Amino acid sequence: MSDERAIAEMLGQTPAAPDFAFRGDVFARIAQRAARRAAADRAMRQAGVFAALGVACAALQRVAPDFAWAQPVALGLTLGLGVALFAAAAIYGPRATLSGPWSALRRVF
């Protein structure tokens, strides 16, 4: 996108001379579009997950006459998920405490 005309075609207007402010505006609009698309994708993913959880809970209530039998299972799954999220954050996080040992394990296996 080094050509001013190619950039100008995105907005439907052509500057008379090379204009860096115009180029910055075009890049800002492209970045806003990308951010909107990413936000929409995240929102749709979250809506799908929450809808699936709602359907699963409704189906579980319909199948089981009493939810008391599932409480230990739900607690175990919740604790397991919490430990898995903590481990993933420790391994892959921005200041990963386990990134050194993890990379060493990758080299071994």
So, in the range 34-66, exactly how many residues are surrounded by 10 or more Cβ atoms within 10 Å (Cβ to Cβ) and over 11 Å from the mean Cα position of the chain (by Cα)? 20
Restricting to helices (runs of 4 or more DSSP H) lying wholly in the chain: which have 2 or more residues that are at pLDDT below 75 and among the β-branched types (V, I, T)? none
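The values are calculated or read from the model by the stated rules, or taken from the named source; none is laboratory data. It should be emphasised that the depicted structure is a prediction, and the values quoted were computed from it without experimental measurement. Glycine gets a Cβ as well: all are built from the backbone with ideal geometry, and neighbour counts include every protein chain shown.
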